[in-house]
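Structure first, then comments.
The values are calculated or read from the model by the stated rules, or taken from the named source; none is laboratory data. Not measured: the values here are computed from a predicted model. A quick note on method: Cβ atoms are made from the backbone with ideal geometry, for glycine too, and the neighbour counts reach across all protein chains shown.
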Amino acid sequence: MDKFDMWCNQKKEIDKKDKIIGLKERNIVFVNMGKNIGYEQNGKGELFLRPVIVLKVFNRSLFLGVALTSKDKKGSFFYKTFYKHKDRIYQSTAILSQIKVFDTKRALYTKGMIDKNEFEIIKEKIVELTLKREPRRELIGKLYHNDLPKSNKNILVTGGAGFIGSNFIPYFLEKYPNYNIINLDLLTYAGNLDNLKEIENNPRYKFIKGDICNRELVEFIFNEYDIKGVIHFAAESHVDNSIKNPGVFVRTNVDGTYTLIDVAKKHWMEKPFKYKDEYQNCRFHHISTDEVYGTLSDDPNDLFTEDTPYAPNSPYSASKASSDMIVRSYHHTFGMNTIITNCSNNYGPKQHDEKLIPTIIRNALQENPIPIYGDGKNIRDWLYVLDHCKGIDLAYHKGKEGETYNIGGRNERTNIYIANKICEILDRLYPRNKESYKNLITFVEDRPGHDRRYAIDASKIENELGWKADENFESGIFKTIKWYLEKYKGLK
Ligand code: NAD
C-alpha cells in the first residue's frame with residue numbers, strides 16, 4: 001500500500017464519523033493547470049475556461065477537466081469543474097472563498113480539507129497517475145513550485161538523470177553552495193533517478209520530470225525559478241538507437257535545444273545584443289560531442305580541433321551538430337552568451353547498461369559472449385566522466401562567450417584493447433573458474449557507418465582555462481570496474 005492509499009483509508013475512517021454536510025465536496029481536489037484556454041460571456045456574467053486536474057480523492061480517480069470561473073450575485077468567485085468519466089460528464093462546484101491558494105498560485109485545494117503534508121501526498125499521486133494516463137502530462141510541471149533558497153542563483157540543468165548529468169549535479173552542488181539546481185529530465189529509458197539518490201533531499205536541488213521540447217513547461221520553469229544559467233545535457237545519446245529511430249533524435253536534440261535557448265533568450269534579453277539588467281552574464285552552456293567532426297585517419301597527428309569542419313556521419317551526430325549550430329547562431333545573431341563543449345567518449349559510474357564499457361563488464365560477469373563490433377579496431381578517445389564535469393565547470397565559469405572548447409582525455413584506445421583490459425582487471429578482482437574472461441570476447445557484425453577513429457586535441461581548454469584530466473585510462477577504468485562490480489555482482 002503506498003502513502004496515498006494509506007492516507008485515503010485514514011480519511012475514510014474520519015469521514016464516516018464526520019457529521020459536517022458537504023462531504024461530496026470534500027472528496028474532490030482541483031488542481032489548476034495554468035492559463036485560461038477560453039473565455040465566454042453569458043447571461044450570468046463572464047466565464048473563463050481553464051484546464052484542471054480533478055482528483056477524486058477517496059476512490060482515487062483522476063480526470064482532466066475544464067473549470068469555469070465566474071462570479072455569483074454576491075461577488076464570490078466560483079470554480080465550476082466539469083470532467084468526463086466513462087462517457088458521463090460530472091460537475092462539481094467550489095466557491096473560491098472556500099479554496100485556499102496553497103504555496104503556489106497554481107495549486108489549489110479546498111480550504112481546511114487537507115494540510116501541507118497531505119497535499120504533498122496527493123501531489124505525488126497526481127504526478128504518478130497523470131504521467132501514466134494523460135496526454136498533456138507535461139502540464140504537471142505546473143505543480144512544481146519554487147521552494148528553493150531565495151538568496152541563491154538558480155541554474156537549470158537538463159538531462160541530469162542521465163549518465164554525465166547525474167555525475168555532474170552532485171559535483172556542482174557541493175562545489176557551489178550559492179547555486180540551486182533545477183534538474184529537468186524526461187526520464188526516458190536512459191534517465192534513472194537512482195543515480196541521484198545522494199542529493200535527492202538536498203534543499204538546493206529540485207527535480208522536474210518533463211520534456212525539453214515542451215515550451216510551455218520550459219517557460220514555466222524559467223518564470224517560476226527565475227533561471228540564471230543553463231547547462232544542457234538532455235539528449236538522445238545512443239548511436240545505435242539513432243540508426244533504428246532517427247526521428248526522436250531530431251526532435252529531442254534539435255527541437256529541444258532550440259526550445260531551451262529560445263526561452264532563455266526571451267527570459268534574459270531585452271532585444272538582440274542587450275541583456276536585461278538583472279540577467280547580465282547569464283550563460284547557456286550546450287554539452288556536445290566530438291562525433292560532430294566525423295571520423296579521423298589512423299595518423300596519430302590527425303586530431304579534432306575546434307576548427308575542424310563538421311562532418312557528422314550518424315543521425316545522432318547529425319542531430320548534435322544541428323543543435324550546436326543553433327546555439328552558435330543564437331550567439332552570432334542575438335548576442336547570447338553561449339558556450340559549447342565538444343567532448344570525447346566518457347566512461348565511469350552510472351552509465352547506462354547499453355553502452356560499451358558496462359556491456360563488456362555485465363556480459364563478462366554473466367558469462368555471456370562479450371560483443372565487439374567489426375574487427376574491434378575502432379578508436380575512441382576515452383575520458384573519465386568526472387574529468388568531463390570539471391571541464392564543463394571551467395568552461396561554464398571561465399570560458400569566453402560564444403566559444404567552443406574541445407574536451408578529451410588524450411587516451412586513445414581501440415575497442416578490443418578496452419575489452420581485453422577490462423577482462424584482465426576482472427580476472428584479478430573477480431576471477432572466473434580457470435579461464436580468463438577474455439575467452440568470452442566475440443566479434444559481431446559492425447554497425448552501419450561506424451566511424452573509425454575519434455581523437456581530441458584539448459590544447460585550447462588546457463592552455464586557456466588550465467583544464468587537465470586527473471585520471472588516465474588505467475586509473476579511471478579501475479575505479480569504473482569496481483563501481484560496476486558492486487552494481488552487477490548479483491548477476492554472476
Ligand atoms: P544519457 O543518454 O545517459 O542521458 C540523457 C538524459 O537526457 C537522460 O536522463 C534522459 O532521460 C534525458 N532526456 C532525453 N530526452 C529528453 C527530453 N526530451 N527532455 C528532457 N530530458 C530528456 O546521455 P549522457 O551520456 O549523459 O550524455 C549527456 C550529454 O552529453 C548528451 O548531450 C550527449 O550528446 C553528450 N555527450 C555524451 C558523451 C558520452 O560519452 N556519453 C560524450 C560527449 C558528449
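Of everything listed in (1) closer than 22 Å to GLU291 by Cβ; (2) modelled with pLDDT of 95 or more, the single unmet condition for HIS238 is (2). Got at least one residue in the stretch 384-401 being within 14 Å of the ligand (Cβ to nearest atom), touching a strand residue (DSSP E or B) at 6+ places or on another chain (Cβ under 9 Å) and over 22 Å from ASP470 (Cβ atoms)? No - not one qualifying residue is present in the stretch 384-401. For ILE372, state whether it is away from the ligand (no atom under 12 Å from the Cβ) and either in a loop (DSSP other than H, G, I, E, B) or of a type in the set (A, V, I, L, M, F, W, C) (or both). Yes; evaluated as a whole, the condition is true for this residue.
At pLDDT 95 or above and buried (at least 20 other Cβ atoms within 10 Å of the Cβ), is that true of ILE416?
Numbers: at pLDDT 95 or above: yes; buried (at least 20 other Cβ atoms within 10 Å of the Cβ): no.
No: the conditions fail for ILE416.
Residue pairs whose Cβ atoms lie under 8 Å apart, sitting 6 or more positions apart in sequence or on different chains, and linking a residue in the stretch 147-173 that is on the phi > 0 side of the Ramachandran plot to a partner that is part of a helix (DSSP H, G or I) and within 11 Å of the ligand (Cβ to nearest atom), are GLY159/GLY165.
Note on the stretch 278-304: residues that are within 16 Å of the ligand (Cβ to nearest atom) and within 20 Å of ARG328 (Cα to Cα) amount to 12. The residues listed here are LYS400, LYS421, LYS434; of these, the one that is of a type in the set (Lys, Arg) and free of Cβ contacts under 8 Å to residues at least 12 places away in the same chain is LYS434. Just one of the numbered conditions (1) crowded, with 19+ Cβ neighbours inside 10 Å; (2) over 33 Å from the mean Cα position of the chain (by Cα) is not true of LYS434: (1). The condition (being more than 16 Å from ILE481 (Cβ to Cβ) and of a type in the set (D, E, K, R)) is satisfied by just one residue among ARG413, ARG452, ARG432: ARG452. Given the structure, is ILE456 under 28 Å from LYS400 (Cβ atoms), buried (at least 19 other Cβ atoms within 10 Å of the Cβ) and in the same structural domain as ARG410 (by TED's automatic domain parsing)? Spelling it out, ILE456 is indeed under 28 Å from LYS400 (Cβ atoms), buried (at least 19 other Cβ atoms within 10 Å of the Cβ) and in the same structural domain as ARG410 (by TED's automatic domain parsing). The single condition among (1) crowded, with 24+ Cβ neighbours inside 10 Å; (2) in a helix (DSSP H, G or I); (3) more than 12 Å from the ligand (Cβ to nearest atom) that GLU216 does not satisfy is (1). In the stretch 349-369, of all residues being crowded, with 24+ Cβ neighbours inside 10 Å and not polar (S, T, N, Q), the one that is farthest from the ligand (Cβ to nearest atom) corresponds to ALA364. Can you find a residue in the stretch 194-205 that is assigned by TED's automatic domain parsing to the domain that holds ASP353 and within 9 Å of the ligand (Cβ to nearest atom)? Yes, the stretch 194-205 contains a residue that is assigned by TED's automatic domain parsing to the domain that holds ASP353 and within 9 Å of the ligand (Cβ to nearest atom).
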